[in-house]
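Asks: Here's a structure for you.
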Amino acid sequence: MAPSRREKLSDIYGTVYAQNGQQIPFAKLYPEIDDLSIEIEEVGGRPLGSGGRVQLSKTTYSIVHDCPNPQCALGGIRIDPLVSQMVHARKTANQLELKCVGYEGSPKGARFYGCCDIRFKVNIAMRYKGEEKSRDRF
């Protein structure tokens, strides 16, 4: 029997960090960040799985973003390493285009049809505690 939906990246990593069954709040993960804005635009690939736009903030933060392509297995992008690298380098803005890490295959996983064609344009802007507010970013 075929699964009703293919596993996505969030099925592997989850959407939040947890310790002893308790969710770790964003403020504890990144205490130095005062404000965060992440915009993810899904482009390319199939018409059914493209054109979406997602806004994330400190309150809606997710460590991964799943691929919208229904034929994609284990697809999406990891957001947390991007934020971690920015914090480590003290960057305040970053623009990236990332490819989905998933693949298209048969429903049971026996056949591999190729890499997923979805790409993600990611814009991240953050303000650190103690910095002045900038009108153009937030």
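Every read-out reported here was derived from the displayed coordinates using simple, explicitly stated rules and does not represent laboratory data. Everything quoted here is computed from the prediction, not taken from an experiment. Every residue, glycine among them, receives a Cβ derived from its backbone with ideal geometry; neighbour counts consider all protein chains shown.
Asks: If amide hydrogens are placed 1.01 Å from N in the peptide plane, which non-local residues have theirs closer than 5 Å to the one on ASP34?
Replies: Amide H to amide H, under 5 Å and 5 or more residues apart or across chains, ASP34 pairs with ARG127, TYR128, LYS129.
Asks: Take the alpha carbon atoms of the stretch 75-127, find their center, do the same for the stretch 12-41, and report the distance between the two centers in whole angstrom.
Replies: 16
Asks: How large is the helix-only mean residue ellipticity at 222 nm for the chain, computed as the sum of -39500 (n - 2.57) over DSSP H runs with n ≥ 4, divided by its residue count, in deg cm²/dmol to the nearest 500? Could you put the intermediate results ahead of the total?
Replies: On the way: 3 runs with 19 residues, N = 138.
For the chain, the value works out to -3000 deg cm²/dmol.
Asks: Here's something else I'd like to know. From Cα pairs below 8 angstrom and at least 6 apart in sequence, can you work out the relative contact order of the chain, rounded to a whole percent?
Replies: 29
Asks: Right, here's the next one. Along Cα→Cβ, 7 Å out, is where each label goes; now give me the distance between the ones at LYS108 and TYR128 in nm to one decimal.
Replies: Placing both labels 7 Å along Cα→Cβ, they lie 5.4 nm apart.
Asks: To the nearest 20 debye, what is the magnitude of the charge dipole of the chain about its Cα centre, counting +1 on the Cβ of each Lys and Arg and -1 on the Cβ of each Asp and Glu?
Replies: 140
Asks: Another question about this same structure. Per-residue HN-Hα couplings for the stretch 82-93, Karplus 6.51 cos²θ - 1.76 cosθ + 1.60 at θ = phi - 60°, whole Hz, x for Gly and Pro?
Replies: 5, 5, 4, 5, 5, 5, 4, 8, 6, 7, 10, 8
Asks: So, R0 is 35 Å and r is the distance between the beta-carbons of ALA89 and CYS115; what FRET efficiency does that work out to, to 0.05?
Replies: Calculated transfer efficiency: 0.75.
Asks: Right, another one. Can you list the residues, at least 5 places off or on another chain, whose amide H is less than 5 Å from the amide H of CYS115, using H built in the peptide plane?
Replies: GLU104
Asks: If only Cα atoms are counted, what is the Rg of the chain, and what is its Dmax, in Å?
Replies: Gyration radius and largest Cα-Cα distance of the chain: 16.6, 57 Å.
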